[in-house]
Every structure is written in C-alpha cells, then in structure tokens.
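The values are calculated or read from the model by the stated rules, or taken from the named source; none is laboratory data. In this text the structure is predicted, and so the values were computed from the model without any measurement. Note that we place each Cβ from the backbone using ideal geometry, even for glycine, and neighbour counts take in every protein chain shown. All accessible areas refer to the heavy atoms of the entire protein, side chains included, with ligands and DNA or RNA removed. Shrake-Rupley method; radii C 1.70, N 1.55, O 1.52, S 1.80 Å.
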Amino acid sequence: MNISVIGTGYVGLVTGVCFAKFGNKIICVDIDQDKIDKINNGIPPIYEDGLKELLIENQSLIEATENIKSAIIKSDITFICVGTPSKKTGEIDLTFVLDVAKTIAKIIKEKDGWQLIVVKSTVLPGTTKDTILPIIEKYSQKKVGKDFGLAMNPEFLREGIAVNDFLNPDRIVIGTIDERSKEILKKLYKDFSCPIVETTLSAAEMIKYASNCMLATKISFINEIGNFCKKLEIDAYDVAEGMGLDKRIGRAFLDSGIGWGGSCFPKDLDAISAWSKEKNYDSKIIDSVIYVNDKQPLKLNEILKKHMPSLKGKKIGILGLAFKPDTDDIRESRTIPIIKQLLKEDAIIKVYDPKAMENFRKLFPDIIYCKTADEALESDAILITTKWEEFKKLNYKGKIVIDGRRLLEAKKARIYEGVCW
Ligand code: UDX
C-alpha cells in the first residue's frame with residue numbers, strides 16, 4: 001500500500017519504518033528539513049532501538065519530504081502522527097492535529113480517488129468524530145464514507161522500545177465509522193497475529209487513554225502500598241511478586257519507586273483530568289493517581305534528611321536524570337522535583353546520566369555535571385533516580401545511598417535505604 005505519515009516524531013517515524021518492513025511504500029512528512037535529510041540518508045533523527053537498522057534495510061521504500069501535498073497525492077492512506085502537547089492548564093493542545101487535518105482536507109478536495117485518513121495522534125475521546133471530521137468535511141467539501149475514509153488507530157509504543165512494541169503488539173485497535181476504512185486497515189495489519197479490536201472512533205480514543213491511566217494507576221497504587229510497607233518494614237517488591245502472580249492483577253507496572261514521568265502518562269492523565277472537569281465529572285481516581293505521583297519523588301528527599309538533617313553545603317550525588325533508562329528524554333523526570341527541593345535547602349548538586357545530561361543542562365544550568373558516574377559518587381550522599389545498567393557496576397562501598405529505583409547492587413553501601421523497601 002502507499003502510505004503517507006504526517007509527523008516524524010517517535011510515533012510517526014516508527015509507524016512509517018515498520019509499515020515499510022511489510023513492503024508498503026512510505027512517504028514521511030515533516031516541517032523540519034534537518035529531520036527530512038537525516039531520514040533520507042538512513043539516519044533516524046531520534047534514537048529507538050532497532051530503528052536505524054530497519055530504516056536502512058527498507059530505505060528504498062521510505063522517502064521523507066516537506067511536501068505534504070505530493071505525499072497525499074501519491075498515497076492512499078494518510079496517518080496523522082503529530083504531537084498533542086499539554087497546555088499550561090493541563091488541557092490537550094490540538095493545534096498541530098487540527099492544522100494538519102485542515103491541510104489534508106484542502107489537498108483531498110483537489111484529489112481524485114478515495115483517501116483513508118487515520119488519526120494516530122493521541123486525542124481525547126470524541127475528537128476525531130466531533131472536531132477532526134467536521135474540519136475535513138468542511139475544507140474538502142467531501143463526505144466521509146462516500147468520498148474519503150476516517151479511522152482512529154491509537155499507538156501503545158513505549159519510548160526506547162517503540163519498534164519492538166509496534167512489531168509485537170498485545171492488540172491493534174481500529175476505530176472507524178465506515179466499513180471500507182475498517183477493511184483497508186485490517187488488510188494493512190494482516191501480518192500481525194495479535195487480536196484486532198474493531199470499534200468506534202471514540203471508543204478507540206478512550207482505549208488509549210484508559211490504558212495509560214490504568215498503567216499509571218498501577219504504579220501510583222503500588223507506590224502507595226510501598227509507602228505503607230516502608231512504615232512497617234515490609235519489602236514492597238515481595239508484595240508486588242505475591243500480588244502479581246494473581247492473573248487478574250499481573251506483575252507488570254508494579255515496580256514501586258519515585259513514580260512515573262515521560263511524555264505520555266503525565267500529559268494523558270492531566271488531559272483526562274482537565275477534560276472531566278470541563279464535562280462536570282469529578283475524576284477522583286485519576287486525580288489521586290496524579291497526587292500520589294507528585295508527592296512520590298520527595299519521599300527520597302525525606303529519607304535523605306533522616307540521615308542528613310541539614311543539607312546546607314552538603315554534596316549530593318544524583319544518579320539518573322532521564323525519566324527512565326535507555327532514553328535521553330527528561331520530560332517530567334522525577335529527578336526534577338527532587339533537585340528543586342535540594343536546591344531550596346542549599347545542597348551542592350552533582351549529577352550524572354549516561355544520555356540525558358545535555359537536555360538537563362537546559363533546565364538546570366548551575367548544578368555540577370559530572371563526566372562519570374564515579375565522579376558523582378564522590379559526594380556526601382547519593383540518590384539513585386533512574387535505573388541505568390551502568391549504575392549496577394559502581395562501587396558503593398562506604399557511601400550513603402538512598403535508592404528510588406530498586407538498584408539492589410547499591411545495597412553494599414555503608415548506609416542503604418530504598419524508598420519503598
Ligand atoms: C508509556 C506507555 O507504556 C506506552 O504504552 C504509551 O503509549 C506511552 O507511555 P513510556 O512513557 O515510554 O510509555 O514509558 P514506560 O516504560 O511506560 O514508563 C513510564 C514511567 O513509569 C517511567 O518513568 C518509569 O520509570 C515508570 N514506571 C514504570 C514505574 O515507576 N514503575 C513501573 O513498574 C513501570
């Protein structure tokens with residue numbers, strides 16, 4: 001099939017490159033010329049495990065361009081994969097999605113033939129049907145179902161392992177309003193062996209949000225149990241093992257620690273919370289999940305203060321700035337509130353992260369960036385905030401270590417305390 005993908009962030013590029021693997025012809029569209037040049041030269045502009053190899057392997061099937069018009073003219077299916085960031089209020093910002101929808105509509109107005117438009121960007125339930133569809137119909141002067149197709153096909157990709165998640169999904173969700181769109185998408189995904197959920201546009205959107213809310217809820221839940229366990233000197237990881245063996249619960253996403261960060265969970269939960277207020281619904285569970293997550297990183301500071309009541313002038317080594325290992329992404333990293341609090345108490349902050357230092361420097365230019373993890377270890381106390389493999393091999397002997405991510409190798413420290421264990 002001939003596919004255009006609008007937006008070459010980690011969702012768009014992974015989607016395009018993975019569809020090329022199945023023999024489809026892909027045109028990636030972006031407004032950033034640097035990204036376009038890189039993709040055309042076989043260099044992914046973002047790091048994702050396995051992406052470079054797949055891009056090079058399928059280079060003959062993948063083209064990147066700034067020219068959205070020719071991309072849509074030359075393709076039968078168009079995936080919208082642009083970002084939906086948060087506004088300051090937590091509400092979702094639909095500017096990019098709506099602009100792209102309008103542009104696509106104006107192009108298909110002039111195009112003969114049937115175009116299938118697929119929304120992959122994460123949008124609140126109802127958006128595709130009630131906001132995107134009217135825009136496309138208005139600017140194309142065409143009718144959904146009759147002249148063009150519309151589908152909502154959410155992604156469930158984790159950063160860092162997005163290629164693997166795309167190629168080995170637990171399920172594929174296809175939301176449509178017309179039969180033809182559904183059949184085309186089922187054909188596109190025919191080589192995947194997982195279940196395909198066929199549903200409405202709005203249910204597909206809700207499946208994405210509800211899934212992320214559930215995963216974030218599992219983490220906040222186990223963190224709450226972990227905080228309680230800590231008071232009773234119970235290891236929350238033993239509890240997670242015992243609970244996780246119940247098939248109805250499952251062990252995944254029950255690693256207690258300092259909470260969830262990243263580009264998706266914070267944005268999606270804030271969006272659902274803000275949206276439910278707008279709809280006069282009091283989203284108590286989701287609000288509590290956010291509340292627990294906001295408080296969780298500071299537990300590390302509290303434990304540190306038990307061992308070091310005054311932090312003034314004390315050197316505190318921080319291991320880990322990325323929101324999770326194997327990425328340079330620091331968005332909503334739990335390390336940020338921890339450092340803000342330490343700075344309030346006049347501590348001297350020495351940080352190290354294998355990948356995220358440059359990004360972090362833009363936020364905190366005045367703390368000490370160590371060249372190696374060992375250099376950060378030369379501190380009065382150490383906080384472990386991201387579980388990088390590299391940190392397992394360090395020599396913690398003689399140190400004071402407060403662990404937010406269950407790095408048991410650090411137990412050899414003189415004083416070791418975990419946040420929920
Ligand atoms: C997430 C979802 O998993 C993915 O399906 C969605 O489409 C995008 O958002 P991602 O943000 O890349 O993916 O990372 P993920 O691996 O889910 O971790 C999110 C955060 O939760 C990280 O900060 C991680 O450290 C934390 N986490 C995860 C825990 O604290 N405990 C756990 O048990 C699991």
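Here are a few things to note about the model shown:
- Condition met for residue 123 (closer than 16 Å to residue 3 by Cα, in contact (Cβ under 8 Å) with a residue 60 or more places away in the chain, β-branched (Val, Ile, Thr) and buried (at least 23 other Cβ atoms within 10 Å of the Cβ)): no
- Residues that are within 17 Å of residue 355 (Cβ to Cβ) and within 16 Å of the ligand (Cβ to nearest atom) within the range 367-389 comprise 384, 385, 386, 387, 388, 389, listed in sequence order.
- Matching option when the condition is of a type in the set (Asp, Glu) and either within 13 Å of the ligand (Cβ to nearest atom) or more than 26 Å from residue 222 (Cα to Cα) (or both), among 329, 282: 329
- Search result, residues across the range 401-414 that are more than 14 Å from the ligand (Cβ to nearest atom) and open to solvent by less than 50 Å² (accessible area, probe 1.4 Å): 401, 402, 410, 413
- Among residues of the range 239-268 that are farther than 11 Å from residue 218 by Cβ, those with a beta-carbon under 6 Å from a residue that is open to solvent by 30 Å² or more (accessible area, probe 1.4 Å) and more than 10 Å from the ligand (Cβ to nearest atom) at least six positions away or on a different chain give the pairs 267/86.
- Among the conditions (1) at positive phi; (2) free of Cβ contacts under 8 Å to residues at least 60 places away in the same chain; (3) within 27 Å of the chain's Cα centre (by Cα), the only one that residue 398 does not satisfy is (3).
- Inclusion of residue 299 among residues that are open to solvent by 30 Å² or more (accessible area, probe 1.4 Å), of a type in the set (D, E, K, R) and either away from the ligand (no atom under 13 Å from the Cβ) or over 30 Å from residue 418 (Cβ atoms) (or both) is not warranted.
- Note on the range 176-208: residues that are away from the ligand (no atom under 16 Å from the Cβ), within 25 Å of the chain's Cα centre (by Cα) and open to solvent by less than 50 Å² (accessible area, probe 1.4 Å) amount to 9.
- Tallying residues that are of a type outside the set (Ser, Thr, Tyr), in contact with a Gly (Cβ under 9 Å, 6 or more places away or on another chain) and either closer than 20 Å to residue 333 by Cβ or open to solvent by less than 10 Å² (accessible area, probe 1.4 Å) (or both) within the range 369-400 yields 11.
- Of the residues making up the range 218-235, at least one is among the small types (Gly, Ala, Ser) and more than 19 Å from residue 18 (Cα to Cα).
- Condition met for residue 211 (under 25 Å from residue 91 (Cα atoms), within 20 Å of the chain's Cα centre (by Cα) and either among the polar types (S, T, N, Q) or open to solvent by 80 Å² or more (accessible area, probe 1.4 Å) (or both)): yes
- Residue match in the range 236-258 (condition: within 20 Å of residue 336 (Cβ to Cβ), near the ligand (Cβ under 9 Å from one of its atoms), in contact with a Ser or Thr (Cβ under 6 Å, 6 or more places away or on another chain) and open to solvent by less than 70 Å² (accessible area, probe 1.4 Å)): no
- Cβ-Cβ contacts under 7 Å between residues 6 or more apart (or on different chains), taken from a first residue in the range 93-109 that is in contact (Cβ under 8 Å) with a residue 24 or more places away in the chain and crowded, with 16+ Cβ neighbours inside 10 Å to a second residue that is charged (D, E, K, R) and assigned to a helix (DSSP H, G or I), are listed as 107/69.
- Checking every residue in the range 267-276 against the condition of being in a loop (DSSP other than H, G, I, E, B), of a type in the set (D, E, K, R) and either more than 10 Å from the ligand (Cβ to nearest atom) or over 17 Å from residue 90 (Cβ atoms) (or both) gives zero matches.
- For the condition modelled with pLDDT of 95 or more and surrounded by fewer than 18 Cβ atoms within 10 Å (Cβ to Cβ), residue 228 qualifies.
- Residue list for the range 220-249, restricted to those being within 16 Å of residue 418 (Cα to Cα) and within 25 Å of the chain's Cα centre (by Cα): 222, 223, 224, 225, 226, 237, 240
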